[in-house]
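Engineer: My questions will all concern the structure given below.
The values are calculated or read from the model by the stated rules, or taken from the named source; none is laboratory data. Since the model is a prediction, treat every value here as computed from it, not as a measurement. Every residue, glycine among them, receives a Cβ derived from its backbone with ideal geometry; neighbour counts consider all protein chains shown. The protein model used for the area step is the full one, side chains on, heavy atoms only, and it has no ligands, DNA or RNA in it. Shrake-Rupley method; radii C 1.70, N 1.55, O 1.52, S 1.80 Å.
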Amino acid sequence: MIRRIGTFLAAIALSIVSTVVGVTVSGGAAHADGCYTWGRTLSEGMSGEDVRQLQIRVAGYPGYGNVLTLDGAYGPATRAAVSRFQQAYGLSADGIAGPQTFNRIYALQDDDCTPVNFSYAELNDCNSDWSGGAVSASTAKFNARVAMWKLQAMRHALGDQQIVVTSAFRSHACNNAVGGSASSRHLYGDAVDLGAGPHSLCRLAQQARNHGFNEILGPGYPDHNDHTHVAHKSSRTWSAPNCGI
């Protein structure tokens, strides 16, 4: 009797929370997340901001040499990325984003929408407001968030061991101070330099090919023998000769 009363009270509480946060309760799918909450199951052919938010979280699963477009359209590439994400976490890999997929994402993200193993502070030791780069502060910060989700996927693929970040966003002033290229992707917020740690620089460069980075520079490339550089850009530039890339 006591157990039944407890279950009844829990159901009432869930109903109240769902009403407050505007989440539709259906088939155990209700979940109020501090960052973003999906209110419907997503599948190929659908579109909207909720699809784009999903694409950000699975941007690190585009397949070897590919980059997932964050356009809010659930096409074959998004379905494939969702399927790879599901497979990576032991879920049914049907390419349909439902409660189990979203619950896994909720467990992977902090309330500021960054993945649990990376932070805005970690990707910006230049200034506090993301200003002064080649794009607006909000765009630089968004680009960094997407890069973090790619790194989170890469970290999981590497056994959930630490990935050491040595440099990321730079304003023009910060970039000039370290002698960076005038066209550096660090100015856009989507470049991250990685240092050796649990994994060698070559291992990092090799693995990055699977996680949506169009720019990978590492050992053997001029001035990159002490780090592996990963970034987003419009065309592919991979060069780490000492690593077979």
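Engineer: Between 65, 27, 95, which is among the small types (Gly, Ala, Ser) and at pLDDT below 95?
Structural biologist: Testing whether each residue is among the small types (Gly, Ala, Ser) and at pLDDT below 95 leaves just 27.
Engineer: Hey, any hits in segment 229-242 for a residue that's out of contact with any Asp or Glu (no Cβ under 8 Å at 6 or more places or on another chain), outside any loop (DSSP other than H, G, I, E, B), within 28 Å of residue 116 (Cβ to Cβ) and not hydroxyl-bearing (Ser, Thr, Tyr)?
Structural biologist: No, segment 229-242 contains no residue that is out of contact with any Asp or Glu (no Cβ under 8 Å at 6 or more places or on another chain), outside any loop (DSSP other than H, G, I, E, B), within 28 Å of residue 116 (Cβ to Cβ) and not hydroxyl-bearing (Ser, Thr, Tyr).
Engineer: Could you identify the single residue in 74, 106, 120 that is free of Cβ contacts under 8 Å to residues at least 60 places away in the same chain and open to solvent by less than 20 Å² (accessible area, probe 1.4 Å)?
Structural biologist: 74
Engineer: Evaluate the following for residue 155: is it out of contact with any strand residue (DSSP E or B) (no Cβ under 7 Å at 6 or more places or on another chain), open to solvent by less than 50 Å² (accessible area, probe 1.4 Å) and closer than 20 Å to residue 65 by Cβ?
Structural biologist: yes
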